[in-house]
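Accompanying notes for the structure given below.
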Amino acid sequence: MIDESRNPWKILSEKEIYDNRWINVTEYQVINPSGGQGIYGKVHFKNLGIGILPLDDEMHTWLVGQYRFTLNQYTWEIPEGGCPLGTDPLETAKRELLEETGLTATEWTHLMPFHLSNSVCDEFGHIFMARGLQQGQSEPEETEELQVKRVPFEEAYQMVVSGRITDSLSVAAILRVKTLLLENKL
């Protein structure tokens, strides 16, 4: 029987390498599960990742395109943003949807919580589906140069399947909604 509460890692020491208002990087000297000594770097996120999949009555969704500095490439994603720890994720989702697309919604569904990349960071996220949509004016942040497009949901799903959408929040949200559609739960 597997003991899921047993931690096989032993921390010998830790040293903060970098810190800003969004992330903290710590290097650990460790004994790994096989008994060997080594290092492990951990990125701690000071915000939750929030993703929103807006879905209208005609089964269209909105994608946001932008050049991602970290990847050095242009990407298409669902609307998303950071939620300061201690802040309500749903309130952040509402704010981000309005900022990036100009949309407001009357119906919100929490689709799932998840870890975004648990091998090197502790970033945790929530994805929501927004329905009952009304179009208004977007309010992008000064650091965002966004393109927004309304596409059939099936097109967004095919972009995931073909590898054109690779962002983890987007992939998880689109696949979760596709599953709900296949199960006739939407």
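The rows are residues; the columns are (1) more than 15 Å from Val64 (Cβ to Cβ); (2) assigned to a strand (DSSP E or B); (3) free of Cβ contacts under 8 Å to residues at least 12 places away in the same chain; (4) in contact with a Cys (Cβ under 7 Å, 6 or more places away or on another chain).
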| site | (1), (2), (3), (4) |
| --- | --- |
| Thr104 | yes, yes, no, no |
| Ser119 | yes, no, yes, no |
| His126 | yes, yes, no, no |
| Thr143 | no, no, yes, no |
| Val148 | no, yes, no, no |
| Met159 | no, no, no, no |
| Gly163 | yes, no, yes, no |
| Val171 | no, no, yes, no |
| Asn184 | yes, no, yes, no |
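Consider only pairs whose beta carbons are under 9 Å apart and that are at least six residues apart or on different chains; among these, list those whose first residue lies in region 70-82 and is assigned by TED's automatic domain parsing to the domain that holds Met159 and closer than 21 Å to Trp22 by Cα and whose second residue is small (Gly, Ala, Ser) and surrounded by fewer than 17 Cβ atoms within 10 Å (Cβ to Cβ).
Note: pairs meeting the criteria are Glu77/Gly65.
Being touching a Cys at 6+ places or on another chain (Cβ under 6 Å) and among the polar types (S, T, N, Q) narrows it down to one of Asn20, Asn47, Asn7, Asn32, so name that one.
The match here is Asn47.
Quick check, is Glu139 in a loop (DSSP other than H, G, I, E, B), surrounded by fewer than 17 Cβ atoms within 10 Å (Cβ to Cβ), more than 18 Å from the chain's Cα centre (by Cα) and on the phi < 0 side of the Ramachandran plot?
On the way: in a loop (DSSP other than H, G, I, E, B): yes; surrounded by fewer than 17 Cβ atoms within 10 Å (Cβ to Cβ): yes; more than 18 Å from the chain's Cα centre (by Cα): yes; on the phi < 0 side of the Ramachandran plot: yes.
So Glu139 passes the test.
Is there a residue in region 83-95 that is part of a loop (DSSP other than H, G, I, E, B), modelled with pLDDT of 95 or more and closer than 11 Å to His126 by Cβ?
yes
Here is a list: Glu58, Glu77, Glu14, Glu27. Which entry is within 19 Å of Phe114 (Cβ to Cβ) and of a type in the set (D, E, K, R)? Give the steps one after another, and end with the answer.
Numbers: Glu58 fails: within 19 Å of Phe114 (Cβ to Cβ); Glu14 fails: within 19 Å of Phe114 (Cβ to Cβ); Glu27 fails: within 19 Å of Phe114 (Cβ to Cβ).
It is Glu77.
Out of the residues in region 9-39 that are hydroxyl-bearing (Ser, Thr, Tyr) and more than 30 Å from the chain's Cα centre (by Cα), state the one that is nearest to Glu123 (Cα to Cα). Spell out the reasoning first.
First, the residues of region 9-39 that are hydroxyl-bearing (Ser, Thr, Tyr): 13, 18, 26, 28, 34.
If we keep only those that are more than 30 Å from the chain's Cα centre (by Cα) too, we end up with 13, 34.
Details: Ser13: 22, Ser34: 26 Å.
Looking at the filtered set, the residue picked out is Ser13.
Which one is surrounded by the most Cβ atoms within 10 Å (Cβ to Cβ) among residues in region 39-58 that are among the charged types (D, E, K, R) and outside any strand (DSSP E or B)? Even if it seems obvious, please write down each step before you answer.
Quick first cut of region 39-58, residues among the charged types (D, E, K, R) only: 42, 46, 56-58.
The next check asks that each one be outside any strand (DSSP E or B); those that pass are 46, 56-58.
On the way: Lys46: 14, Asp56: 17, Asp57: 8, Glu58: 8.
My answer is Asp56.
Would it be correct to say that Thr61 is surrounded by 12 or more Cβ atoms within 10 Å (Cβ to Cβ), touching a strand residue (DSSP E or B) at 6+ places or on another chain (Cβ under 7 Å), at pLDDT 95 or above and assigned to a strand (DSSP E or B)?
Values: surrounded by 12 or more Cβ atoms within 10 Å (Cβ to Cβ): yes; touching a strand residue (DSSP E or B) at 6+ places or on another chain (Cβ under 7 Å): yes; at pLDDT 95 or above: yes; assigned to a strand (DSSP E or B): yes.
Taking the combined requirement at face value, the residue satisfies it.
The values are calculated or read from the model by the stated rules, or taken from the named source; none is laboratory data. Bear in mind that the values here come from a model prediction, so they are computed numbers and not experimental data. For neighbour counting, all protein chains shown are included, and Cβ atoms are generated from backbone atoms with ideal geometry for every residue, glycine included.
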